[in-house]
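Each reported figure results from applying straightforward, stated rules to the coordinates on display, with no laboratory input. Predicted, not measured: the structure shown is a model, and the values here were computed from it.
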Amino acid sequence: MYIQRDMRYTGENIIGVNESLEFYQSIYCFMATLIKSGDYFVVKSVPFIHLILVKELKEVIELVMSCGFRVCCLTCDNSRVNISTYKKLHTEYGMHSDFTIEFPKGNKINLTYDVVHLIKSVRNNFLRFETFTLPSLSVNIDTFAVSLSEKGKATFKSLQKLFDQEKHNVLKMAPKLNEAVLFPQHRMQDVICLSMFDISNAIALETIFENEESLSTAQFIRIFYIWWNCLNAKSTHHPLHTIICKNIKEVKFCRQSQSYKVLN
């Protein structure tokens, strides 16, 4: 988290700066949560200027393990610093998978990115580049089955055209598509981001327009609509929270859609 630069003298200690009197600009906070629990605990927080994040992260993992816990997964946003940290961890402790490391004492840890930040990255890239070339991939929204299809192009222009077509209508097929979604002033807002990938937008594109570009854009929205609902499971009764779930349709979708390179 970013902090306001300030220096104070409190209790015979100077806070807000390091030994070289450089202002701290942000704080890295390491938190832990139990599987099937919504409670989060702060393990350690560290002021950041020239922080060696890998060293701090290894110390946090060792601290949690020394308390008798098993670390199953690391999760962070997909910033450059965090991506670099994951690469360094994988270089030192990596296994055959790009997203799994084996920490000392045989503790296997999965390296993951927060799905909220991932889908925002997809949305931001879509706004920036305006055209995505889709791989040969299609998905059935009822069964979540992924199959090969013709390559296509998802375009931002298709969504703009849909908005212009419906903006004066009282009843809309894509009610969540508005100016705030297409031209966001605050790109960090979750609701605005997710409204772009609402299933109503895909249905409207397929119903109102019949051109290839609109159909490809609808397919693009469908894929990320399902992807988000699969990975954003909150209920402890959701299939993704079960131990053995090889035949669950949500898990099959996630495995088959790994070839979808737009996420990278």
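Based on Cα contacts under 8 Å between residues 6+ apart, region 166-222 shows a relative contact order of 31 percent. Taking 0.36 nm per residue of separation and subtracting the current Cα-Cα distance, fully stretching the chain between N107 and I52 would add 17.6 nm. If the limit is 26 Å between Cα atoms, which of K55/K120; K36/K58; K55/K108; K36/K176; K87/K157 go over it? Too far apart for the 26 Å limit: K55/K120; K36/K176; K87/K157. Taking amide H atoms as placed 1.01 Å from N in the peptide plane, the amide H of N178 has no partner under 5 Å among residues 5 or more positions away or on other chains.
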